[in-house]
Amino acid sequence: MCGIVGFTGVQQAAPILLEGLKKLEYRGYDSAGIAVMSDRSISVNKCKGRIARLCEKTGDGTDVKGTTGIGHTRWATHGAPTEENAHPHLSNDGRFAIVHNGIIENYLSLREELTADGYRFESETDTEVIVHLIEMYYRGDMRDALIRTTNRLSGSYALGVICTEEPGKIYAVREASPLIIGVGAGENYFASDVTALVSHTRNVIYLEDGEFAELSTDSIGVFDVLGHEINKKITRVMWDVQAAEKGGYEHFMLKEIIEQPAAVKATIAPRIRDGKVFFEELDMSYDDLRDIRKIVITACGSAYYAGCSGRYALERLCRIPVEIELASELRYNNPLIDEHTLLIVISQSGETADTIAAMRECKARGASTLAIVNVVGSTIAKLADHTIYTWAGPEIAVATTKGYTTQVAVLYMLSVYFSDLLGITEDEKPYVRALQELPRAIQQAIDMNPSVRPLAKKYHRSSALFFIGRNTDYAVALEGALKMKEISYLHAEAYAAGELKHGTIALIDEHQPVIALCCNPAIMEKTLSNIVEVKSRGAEVLALTFRNNHKILSVADDLLFIPDIDPVFSAVVEIVPLQLLAYYVAKENGCDIDKPKNLAKSVTVE
Ligand code: G6P
């Protein structure tokens, strides 16, 4: 989704802004632009398509004079991805330029009002009303103009603003869309995402909703909605530059797949002591859990599928009913949620608009909220009553891998932890040992499947792929099919294997390969029957199963393997060969793997 950068310092701004925008490319965008101020005038450069074009247009920024500026990557919502609609947008008098993330819900009425007052609109965006409002309200005091302007807006917005009357200053405003200040020496920055800042500084200030900031080369002032200055804490970001770079891999996605043993270990290991799981950050007791009648998990995309996988372990170990709902559905369902509900919210970015909205709805109904989030200081992390961070490090590829596996790992740990608190598990040691084994098992799942590349060559031309599985295998099939769709654009669908005969089997023939997940010995025979059913209708079958599963060996055409692990916790291992398969199929298809078309890493609009 849209990205924002801002810079003020003594160096030329445009190259720094373009470099920052490149760091945000992974979020997904369809046009980009920068506005730089010099000698009391603002020059704007924009283009449709990739930032590389903007770099060509501006000599990598060196043709643009000035040391103060703002930049933007746009993911079109209001109006097509065109140069006119790309940000920054200028005021009619040319004194103000702004960039905006989010949606202004009342923009139509504001547009009518401003048009009637004589303001000329150059774009179809909701954003443009903001810059005209600023022009209207500016009387020589930018802070006052920002307060008056934001009082008129409803919706979500992170704004970056420059004004020719305020040389050397950049302004940042936050309401329901993330914005972070980077604290430098003799220069300061802001960005919608910490990855655009870490190559310059790891000292950051997180703006909260309703706050705005005025940055110059050597000062940072943060203010509340009334304009009162607030003392803000400077936080040190733990991610380093290397963590957000490719490190010799062709794609971030491959790097992030390979990083999973380390990411899952970083998530699990610090939380295990003396054969027990501890979540110091949770501060929960038996009394807190005793009154919980059900757990509701909500999330979007892969985070939702992480919930589907984790649900089995939670129900099995804690004996608490678990419901799982898509965040975009839950909030409109008049949900049966009260103070006896524990809402588990899962989000890599911590900024997904639908997830935030569902969470707010459930909080208002009295649910206690526990967030599983990767990005420290993100909106969901702050909104939740309890937050558990997945220590996956920065995830840059749009299609999540280590984000997903670390989320599932946290759900597994929670199931052991809650079960212990509730006094259900007599002996949790075998579970804890199984958790500790997971990083090694993931590494084995990477190492033991060299055949995944040739298999990708074999299957990449299929018109569709069906993923089937039962129980936990089905939950993994959902995520496996999503990975395939997202990055290879190959039509992939996941079905509960037992449902095949209720309709979907009509689609099976020799042209539709089936990927059968068969990793749970207890239900293996049932899935085996489904494999035989699809084979007898001509389908080729690629089976994912545990080592030495001789029954499957003799039926399937091709095989991928996982090591022997406790099936309660197998999803984090099972998904890995499927991630690799999707990756190599996408590579065979020549796709833009890290930045798939139409997708965004962090979906900050509903
Ligand atoms: C987008 C991403 C997905 C992600 C989903 C939820 O659709 O492309 O990879 O699973 O958002 O994101 P979250 O940050 O809330 O986990």
Seminar exercise, completed: Over the range 252-447, with neighbouring protein chains present, the accessible area per residue in Å² at probe 1.4 Å is 36 Å²
Exercise. Once Rh is set to the Kirkwood radius over Cα pairs, what Stokes-Einstein translational diffusion coefficient, in µm²/s, holds for the range 186-284 at a temperature of 37 °C and a viscosity of 0.692 mPa s?
Worked result: 193 µm²/s
Exercise. Kirkwood-based Rg over Rh for the range 369-525 (C-alpha set), two decimals?
Worked result: 1.01
For this session: Return the long-range amide H neighbours of Ser31 (sequence gap of 5 or more, or a different chain), with a cut-off of under 5 Å between placed amide H atoms.
Result: Gly49, Arg74
Problem set entry | Partner aspartates and glutamates for Lys276 [C-alpha distance under 18 Å; skip if fewer than 8 residues away on the same chain] | Asp420, Glu426, Asp427, Glu428, Glu437, Asp566
For this session: Provide Rg over Rh for the range 86-201; use the alpha carbon set for both Rg and the Kirkwood Rh (inverse mean inverse pair distance).
Result: 0.97
For this session: Kindly rank 100-112, 160-172 from highest to lowest mean number of other beta carbons found within 10 Å of each residue.
Result: 160-172, 100-112
Exercise. Dimensions of the range 452-588 along principal axes (Cα, Å, largest first)?
Worked result: 34, 29, 24
For this session: Output the direction-averaged projected area (hull surface divided by four) of the convex hull of the alpha-carbon atoms of the chain, in nm².
Result: 27.5 nm²
Exercise. What net charge do the residues around Glu124 carry, taking every other residue with its C-beta under 11 Å from that of Glu124, with Lys and Arg at +1 and Asp and Glu at -1?
Worked result: -3
Seminar exercise, completed: Inter-part gap, Cα centre of the range 366-419 to Cα centre of the range 280-295, in whole angstrom, is 17 Å
Seminar exercise, completed: hull vol. (C-alpha, convex hull) per residue for the range 252-447, Å³ -> 103 Å³
Exercise. For the range 367-460, what Kirkwood radius comes out of the mean inverse Cα-Cα distance, in Å?
Worked result: 15.9 Å
Exercise. So, in Å, what gap is there between the alpha-carbon centers of the range 186-262 and the range 448-488?
Worked result: 35 Å
Exercise. On full extension of the chain, what length is gained from Ser536 through Arg53, given 0.36 nm per residue of separation minus the C-alpha to C-alpha distance?
Worked result: 168.6 nm
For this session: Within 10 Å, count the other beta carbons around each residue, average over each peptide in 79-91, 38-50, and list them highest first.
Result: 79-91, 38-50
Exercise. Which Rg and Dmax, in Å, describe the Cα atoms of the range 210-334?
Worked result: 21.1, 57
Seminar exercise, completed: Checking rank on 184-195, 321-332, with mean other Cβ inside 10 Å and highest first, the result is 184-195, 321-332
For this session: Just list whichever of Lys22/Lys46; Lys22/Lys597; Lys501/Lys526; Lys294/Lys526; Lys23/Lys57 have alpha carbons separated by over 21 Å in the model shown.
Result: Lys294/Lys526
For this session: Step through the residues of the range 461-470 one at a time and calculate ³J(HN,Hα) from phi using the Karplus curve (6.51 cos²θ - 1.76 cosθ + 1.60, θ = phi - 60°), rounding each to whole Hz and writing x for Gly and Pro.
Result: 8, 4, 7, 7, 10, 9, 9, 10, x, 10
Exercise. Got a sec to turn the phi values of the range 13-28 into Karplus ³J(HN,Hα) couplings, 6.51 cos²θ - 1.76 cosθ + 1.60 with θ = phi - 60°, whole Hz, x for Gly and Pro?
Worked result: 6, 4, x, 5, 5, 5, 5, x, 5, 4, 5, 9, 3, 4, 6, x
Exercise. So how strong a dipole does the range 452-588 carry about its Cα centre when Lys and Arg Cβ are +1 and Asp and Glu Cβ are -1, to the nearest 20 debye?
Worked result: 240 debye
Problem set entry | Span from the the range 490-552 Cα centroid across to the the range 74-151 one, whole angstrom | 54 Å
Exercise. Do the alpha carbons of any pairs in Lys246/Lys601; Lys483/Lys535; Lys265/Lys457; Lys535/Lys601 sit beyond 27 Å of each other, and which pairs?
Worked result: Lys265/Lys457; Lys535/Lys601
Exercise. Applying the Karplus parametrisation 6.51 cos²θ - 1.76 cosθ + 1.60 with θ = phi - 60° to the phi angles of the range 478-494, what ³J(HN,Hα) value in whole Hz is obtained for each residue in order, glycine and proline being reported as x?
Worked result: 4, 6, x, 5, 5, 4, 4, 4, 4, 9, 9, 6, 8, 5, 9, 9, 10
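The values are calculated or read from the model by the stated rules, or taken from the named source; none is laboratory data. In this text, all values refer to a predicted model and were calculated from it rather than measured experimentally. Every residue, glycine among them, receives a Cβ derived from its backbone with ideal geometry; neighbour counts consider all protein chains shown. The protein model used for the area step is the full one, side chains on, heavy atoms only, and it has no ligands, DNA or RNA in it. Shrake-Rupley method; radii C 1.70, N 1.55, O 1.52, S 1.80 Å.
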